[in-house]
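> Got a structure here, written out as structure tokens. Questions coming.
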Amino acid sequence: MIPLVIIRPQPGCDATLTVARDLRLDAYGFPLFDVAPVAWEAPDPEGVDALLIGSANAVRHAGVQLQLYVGKPTYAVGRATAEVAQQAGLAIAMVGSGGLQAVLKRIDPAHKSLLRLAGRERLELSPPAEAEMVERVTYASNALAMPPELAELLTSPAVVMLHSAEAARHFAAECDRLAVARAHISLAAMGPRIANAAGAGWERLEIAAKPEDTALLALARNMCKSTDGSSAA
């Protein structure tokens, strides 16, 4: 079986690693980002109808100011993000499955003032014409150098999971910096934008059926079980 490499930041890396090993995959965790909080100014909660959150880290690193919005309707990009938001006291109005822009198309028309909590690197979104959206950065993902152990592992065929375009660009750059050949590395990307960010020259580059960790892990599992890194039929 081809080894699986997970490079997403903690605690997501360990969470995905645990599930992968439960599936009896030969999985390894090498976080290539360190997530840290960013100081932010909280808007007046009276002027916020609902929150928009595209990452659990936006909640984890928001600090005490998040308490100003306890009970506020919250639109979460996926189930994992929704669970963390709910634990923080936010009221889940919707759990998305196709990215934040898709969520924005389905918000309650009564929620005209949105507060988006996000990371420093984030997608540009277009809110509905009748809504206004304020953005606040609560965390930053700082890139880390590829450790020698990972570089050594990648001298043989492997499948690497990519959860973000930022991760795809950084992983590709680190491979080039350390002269790690792309030709026998297969990539499982969460979406087309992430796949494009990884560039060319890889053994395989495949995209998950849905932009969520469960679908990405299913794709990676099939790729690991095939002999050439391609997804199994």
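The values are calculated or read from the model by the stated rules, or taken from the named source; none is laboratory data. It should be emphasised that the depicted structure is a prediction, and the values quoted were computed from it without experimental measurement. Cβ coordinates were reconstructed from backbone atoms using ideal geometry, including for glycine residues, and neighbour counts include every protein chain displayed. For accessibility, only protein heavy atoms count, side chains too; no ligands or nucleic acids. Shrake-Rupley method; radii C 1.70, N 1.55, O 1.52, S 1.80 Å.
> At 0.36 nm per residue, and after removing the present C-alpha to C-alpha distance, how many nm does the segment from residue 135 to residue 101 gain when stretched out fully?
Extra length from residue 135 to residue 101 when fully extended: 10.8 nm.
> When only alpha-carbon atoms are used, what values of Rg and Dmax, in angstrom, describe segment 73-198?
18.0, 54
> Can you give the longest stretch of the chain with no exposed loop site, where a site means GluC sites (Glu not before Pro) in a DSSP loop (not H, G, I, E or B) with at most 12 other C-beta atoms within 10 Å?
131-233
> Can you give me the relative contact order of the chain as a percent, contacts being Cα pairs under 8 Å and 6 or more apart?
20
> Would you mind pulling out the separation of the Cα centroids of segment 86-150 and segment 168-185, in Å?
Between the Cα centres of segment 86-150 and segment 168-185 lies a distance of 29 Å.
> Another question, then. What size of dipole, in debye to the nearest 20, comes out for segment 108-233 about its Cα centre when the only charges are +1 on Lys and Arg C-beta atoms and -1 on Asp and Glu C-beta atoms?
40
> Continuing with this model, one more query. Roughly what would the spin-label model give for residue 120 and residue 177, points 7 Å off Cα along C-beta, in nm?
1.5
> Taking the Cβ-Cβ separation of residue 38 and residue 152 as r and a Förster radius of 25 Å, what is the calculated FRET efficiency to the nearest 0.05?
For R0 = 25 Å, the calculated efficiency reads 0.15.
> Please list, in order, the residues from segment 1-20 whose amide nitrogen is less than 17 Å from a point placed 7 Å along the Cα→Cβ vector of residue 87.
Inside the label zone: 9-19.
> Now for a separate question. Using a probe of 1.4 angstrom, how much of the accessible area of the chain is carbon and sulfur, in percent?
Ligands and nucleic acids excluded, carbon and sulfur give 51 percent.
> If you don't mind, another one. If you restrict to DSSP beta bridges whose two residues both lie in the chain, what percentage is antiparallel, to the nearest 5?
Antiparallel: roughly 15 percent of the beta bridges in the chain.
> Any idea what the dipole of the chain comes to, in debye rounded to 20, about its Cα centre with Lys/Arg Cβ at +1 and Asp/Glu Cβ at -1?
380
> What does the accessible area per residue of the chain come to in Å², with a 1.4 Å probe and no ligands, DNA or RNA counted?
Ligands and nucleic acids excluded, the figure is 48 Å² per residue.
> Compute from the Cα atoms of the chain the Rg and the Dmax, the latter being the longest Cα-Cα distance, and quote both in angstrom.
According to the Cα coordinates of the chain, Rg and Dmax are 18.5, 57 Å.
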